[in-house]
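See below for the structure under consideration.
The values are calculated or read from the model by the stated rules, or taken from the named source; none is laboratory data. Because the structure is a prediction, the values reported are computed rather than measured. So basically every Cβ, Gly included, is an ideal-geometry build from the backbone, and we count neighbours across all protein chains shown.
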Amino acid sequence: MNKKRTAFYIVLIILVGLAAVTFGNNPIIAKKQLDLFIINGILQKEEDVNVTEWSLHAREKMGNVKSLSDAKAVLAELQEKYPDAKWTETESSSSWQAKALLSAEGNKEESITVTASLTTQTAQSYVIYEMKGKELSDQFSKKLKKDIEEKVSAIFRGKPTIFSCIKGEFNDKISRSLPYYVNHLLDAFQAKQIEALEEDDFVSASAITSIFDEKIQDNDKAMNLQLGIRTQGMGGKTTFVVGTPIITIEY
C-alpha cells in the first residue's frame, strides 16, 4: 500500500513539474512569433474587426558601407542570391537606390531595396525587405511565416529591425467616437497610451505594451505600438492601422 502511494506521489510530482514547465515556456514560445502574427491573432479575436491589408518591413543599417561602391557591392551579393530579380537603380546628388520585385503573387508581394544616402562624407546605407498582402488566414500564415524567416535569413547580415502593420475596418453598425475605437484597441493589446494626436476625422496614438519586445524611444518615452484610426463620416467606414513598433505604411 505504501509503495502504491509512493508511486502515486512520484507520478503526481512529475505531472505537476511538466505542467509548470509547459506553462512557463508558453510566453517564451509566443515571443518567438513574428509580431505580424501576434497582431493578427489579437485582431481576429475581435468580433467587429475585419483585416484588409498587412505589411512586414525589415531594415538593417550596413555599418561597413562607407561609400557608394560599398553599397553597390552589397547589391552585387543580393543579385547573386536572386539572379531572376530585375533591379531598378535610381541616383541623384544626395542618394542612390536599387530596388527589385521578388514576387507579386495573388496573396503577397515582396521586394528588396538597397539604399545609400550621399549627403555626408560617409555613405549611410540600408538594406530593406518588404512583404505585403491582403490575406492572413491561419493556413496561409503558416507558409508565410516560413517564407519570411527564409528571406530574412538570406538577405540580412545581422539582425534587422522588423516593423509589422495591419490595416482593417470596424464592422459595428453603431456609429461611435474615434476615442472609443482607440480605447478599444488599446484594451485589446493591453497597452498604455503614451501620446495622441486628434483631429475631427482622425486619431493617432502611440502606446507601450508588454506583448511586444522591441521598443523605441520617442521624446524620452519608450513605445512599441502605434494606432491610426480614420472615419469617413456619418454612415461611412471607420478604418484602422496597427503597427509595431511604429506604423510604416500610409494611413
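List of remarks:
- Checked against the criterion of being closer than 21 Å to Glu60 by Cα, more than 18 Å from the chain's Cα centre (by Cα) and either not in a helix (DSSP H, G or I) or not hydroxyl-bearing (Ser, Thr, Tyr) (or both), region 174-185 contains not a single residue that satisfies it.
- Per-region count, region 129-155, residues surrounded by fewer than 16 Cβ atoms within 10 Å (Cβ to Cβ) and either free of Cβ contacts under 8 Å to residues at least 60 places away in the same chain or under 21 Å from Glu80 (Cβ atoms) (or both): 13
- Listing of strands (runs of 3 or more DSSP E) fully contained in region 80-125 that carry 2 or more residues being surrounded by 17 or more Cβ atoms within 10 Å (Cβ to Cβ): 95-104, 108-117
- Count - residues of region 200-217 that are without any contact (Cβ under 8 Å) to a residue 12 or more places away in the chain and not in a strand (DSSP E or B): 1
- Among the conditions (1) part of a strand (DSSP E or B); (2) assigned by TED's automatic domain parsing to the domain that holds Glu53, Ile246 misses just one, which is (1).
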